[in-house]
Structure formats: structure tokens, C-alpha cells
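Notes to accompany the following structure.
Derivation of every value follows stated rules applied to the coordinates shown; laboratory data play no part. Model, not experiment: these values are computed from the prediction. So basically every Cβ, Gly included, is an ideal-geometry build from the backbone, and we count neighbours across all protein chains shown.
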Amino acid sequence: MKEIKTIGLLTSGGDAPGMNACIRAVTRAAIYNKWHVMGIYRGYEGLINGEIKELTTESVSNTISRGGTILKTARSQEFMTPEGRKKAYEQIKAHNIDALIVIGGNGSLAGADIFAREYDMPCIGLPGTIDNDLYGTDSTIGYDTALNTIVEAVDKIKDSATSHDRIFFVEVMGRDAGFLAQNSAIAAGAEAAIIPEDKTNIDQLKHYIGHGIRKSKNSSIVIVSESPKTGGAMHYAERVRKEYPQFDVRVTILGYLQRGGTPSAFDRILASRLGVAAIESLKEGQRNVMIGIKNDTIVYVPIAQAIKNDKPIDKELIDVLGILSI
Ligand code: F6P
């Protein structure tokens, strides 16, 4: 196995709060071990185009509290092609990069997986996405911050919902995963969550709303995952408007504000631990694993497994919301 002297580091896919804390941790842990770190800008797109610059301990100073990613990010179509990956490998060679560390979500780690196999390239994945949808880790970098952002927003919407006796459908991110919706619904005291994993249909929704009204709740909040599998908040709002014309129904789509902002202490600590562990894993000879956290312990999960398996939503969370929304 070739000795590692230089690593390449990139962020890819949707930005997530805590990515900078992770870049800082990887950079400083590598330099601590006398390795060089080449920062690759704009994800795989920047790798293909050679947007690569060495990072120092100073380059990551004062970044732990910043949202977004100082390395920038992109969703690269070209890297999905064999020609694109060939160009990327030529840049890896040209910059003497011995191992690649990728911070990103499912699609980004899928890119690392195929690249590692095609070019026998040591790759380490770090779970960075607000969606929390990576199998093998209890939490992903950015999820906790996004969850808190949503809860803060829903608390405010609730004030208005209560004052006007309205039903609010609040759409949150998560793509095909309902972690943000389910847990923000519990934390904000919402009536229901419509998530892709649990086909809460219009009848169940009617039950929740009807139940609230019978119990003289004058307002309701329903959190909806943005997934095409749910149809989104607008879809449900229209259906309820038709069914209950007497109710005042409103929709709020939280959108990209969920991805921004200062990372929570939880995300900064998680990102720091995972970043240091990525360097440790390479030193131990680990290859093509995602570093995750399970029961507060660092774990290595083969990237192929992390991207292939679905991460299920705990049924207990669904029950808790059902019980508490009476
Ligand atoms: O994966 C993170 C995420 O924010 C998803 O929740 C959302 O569906 C998607 O990215 C939005 O992607 P884009 O930034 O390409 O619009």
C-alpha cells in the first residue's frame, strides 16, 4: 500500500452547516501528522478542472462558526461519466494526491465509491448533509443545525397560526428522508408530519386535524417533507381546503434558509470528531469507508453499504408524535 503524504479534500452536493468545522478538523489533523492537504474547490467539478490549492492551518482559522463551505460545492454531471472521472484522476496524479476525503451526502459518496473502485484510489467519506439520510451513522453533519432552524421557524409560525385559528402546512427539506420533518414536528409540537417513509395519507391527516378540532384545538401545524413521494405542502393544503372549506389554510415553504447559518455546538463537535477520525482511519490503513457515529462512538462503514442501504425512521418517533398530538 502506497504511503500517504498528501490528501485531497472536497465538499460536494448541498452545503450543510458544520462542513467548515469538518474541513478545519481534517486539515489540522492531517498537518498534525505532517501530511499535506490539497483543498479542491467546487467539489468534483473543481477536481476535474484542477481548482486545487494547498490548505494550511491558517487557511482554516476562524471557520468553525461559519455556515456553508469555504471550499465551495457543486453537483457535477461530468464526474458521473467515465471521461469526467478520468480527467479527475489526471488532476489527482498531477497534484500528487495519495488519498481523497469527500464531505457530502449520498450522491457525493456514491461518486467517491465509483472513483475508488475505478482507479484503486483510497477514499474516505464524511457524512455532510442536512437530510440525515446516510445509513450507518446516527447523525450527519448539518442535520442538528437545520433541525433547530426549522423548530425556531415553526415556533414563530405557530404564534400566527394560533392567533388566526389557522391550519398551516410547513414544507421542510429532506429529499427522500423524513428525519427533519418527523423530528421538527415532535420538537415544535406540531399535529402531524407527512414523510416519505410513512405513507400518512389524507385519511390519517383528516383524523389528526379532526381530532385536534374535536379537542377544541383551534389551530394545527402539519410538517410536510418536500419529497415528490409526499407531493409537498401545497398538495396537502389543497386537499384539506376542499375537504374542510370552513378552515383557513396556509402554506409556508421554508426552503434554503434551512441549509444556512451558524452550526450548532453539536454539529461543530460532530464535524471535528469525524474529521480527525478520517485522518486516523487512513493512518490505520482503512480504505473506502464512511466515518460515522453510533451511540456516540466513531464507526467505519464501507461507503458501498452507506449509500446502498436506506436509513429507516424509528417507528417510536412516529408513535411519539401520534400520541402527543391529541
Ligand atoms: O440534500 C440536501 C438538500 O438540501 C435536500 O434536502 C434538497 O432536496 C436538495 O438538497 C436541494 O438541492 P439543490 O441545492 O440542488 O437545490
TODO: For T57 and I31, compute 0.36 nm times the residue count separating them, minus their Cα-Cα distance, and round to one decimal in nm.
DONE: 8.6 nm
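Exceeding 22 Å between C-alpha atoms, which entries from my cross-link table qualify? They are K229/K315; K87/K283; K229/K308.
Working: K229/K315 19 Å; K87/K283 27 Å; K229/K308 19 Å.
Table pairs above 22 Å Cα-Cα are K87/K283.
Using +1 on the beta carbon of Lys and Arg, -1 on that of Asp and Glu, and nothing else charged, what's the dipole of the chain about the Cα centre, debye to 20? Mind dumping the intermediate values first?
Values: 38 positive and 39 negative charges, 60 e Å.
Result for the chain is approximately 280 debye, rounded to the nearest 20.
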- [ ] Restricting to the chain, compute how many DSSP beta bridges are antiparallel as a %, nearest 5.
- [x] 25
Open item on the list: Ignoring everything except DSSP H segments at least 4 long, calculate the 222 nm mean residue ellipticity for the chain; use -39,500 (n - 2.57) per segment, divide by total residues, nearest 500.
Closed with: -13500 deg cm²/dmol
TODO: Give the angle, between 0 and 90 degrees and rounded to the nearest 10, that separates the Cα long axis of helix 106-119 from the longest principal axis of the Cα atoms of the chain.
DONE: 20
TODO: Can you grab the distance from the C-alpha centre of the stretch 25-44 to the C-alpha centre of the stretch 100-122, Å, no decimals?
DONE: 16
TODO: Take the alpha carbon atoms of the stretch 215-249, find their center, do the same for the stretch 150-205, and report the distance between the two centers in whole angstrom.
DONE: 10
Open item on the list: Skipping prolines and chain starts, which residues have an amide H placed within reach, meaning under 5 Å, of the one on G8, given they are 5 or more residues away or on another chain?
Closed with: M38, D98, A99, L100, I101
TODO: Obtain the nm distance between the two label points defined at E118 and H235 by a simple spin-label model: each point lies 7 Å from its Cα along the Cα-to-C-beta direction.
DONE: 3.4
Task: Cα-centred dipole magnitude for the stretch 145-259, charges only on beta-carbon of K, R (+1) and D, E (-1), debye, nearest 20 - done: 220
TODO: Mind checking which lysines have their Cα closer than 23 Å to the Cα of K158? Skip sequence neighbours fewer than 8 apart in that chain.
DONE: K206, K215, K217, K242
- [ ] Enter the angle in degrees (range 0 to 90, nearest 10) between the Cα long axis of helix 19-32 and the first principal axis of the Cα atoms of the chain, meaning the one along which they spread out most.
- [x] 20
Open item on the list: Please list, short to long, the whole-number percent of alpha-carbon pairs of the chain in consecutive 10 angstrom bins beginning at zero.
Closed with: 6, 27, 30, 19, 12, 6, 1, 0
TODO: Rounded, prolate or oblate: pick one for the stretch 145-259, where a ≥ b ≥ c are the square roots of the eigenvalues of its C-alpha gyration tensor, a/c under 1.5 means rounded, and failing that, prolate if a/b is larger than b/c, else oblate.
DONE: oblate
Task: For G174, distant residues with modelled amide H under 5 Å away - done: E226
TODO: Take the Cα atoms of the stretch 1-99, find their three principal axes, and give me the spread along each one in whole Å, biggest first.
DONE: 37, 32, 20
Open item on the list: Net charge within 10 Å of E45 by Cβ-Cβ distance, Lys/Arg positive one each and Asp/Glu negative one each, not counting E45 itself?
Closed with: +1
TODO: Please give the helix 82-94 orientation as an angle from the longest Cα principal axis of the chain, in degrees from 0 to 90, rounded to the nearest 10.
DONE: 50
Task: Segment F266-M80, extension gain: residue separation times 0.36 nm, minus the distance between their alpha carbons - done: 63.7 nm
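Let's test the formula: R0 of 25 Å, r as the Cβ-Cβ distance of H164 and K206. What FRET efficiency results, to the nearest 0.05?
Working: r = 21 Å, r/R0 = 0.84.
So the FRET efficiency works out to roughly 0.75.
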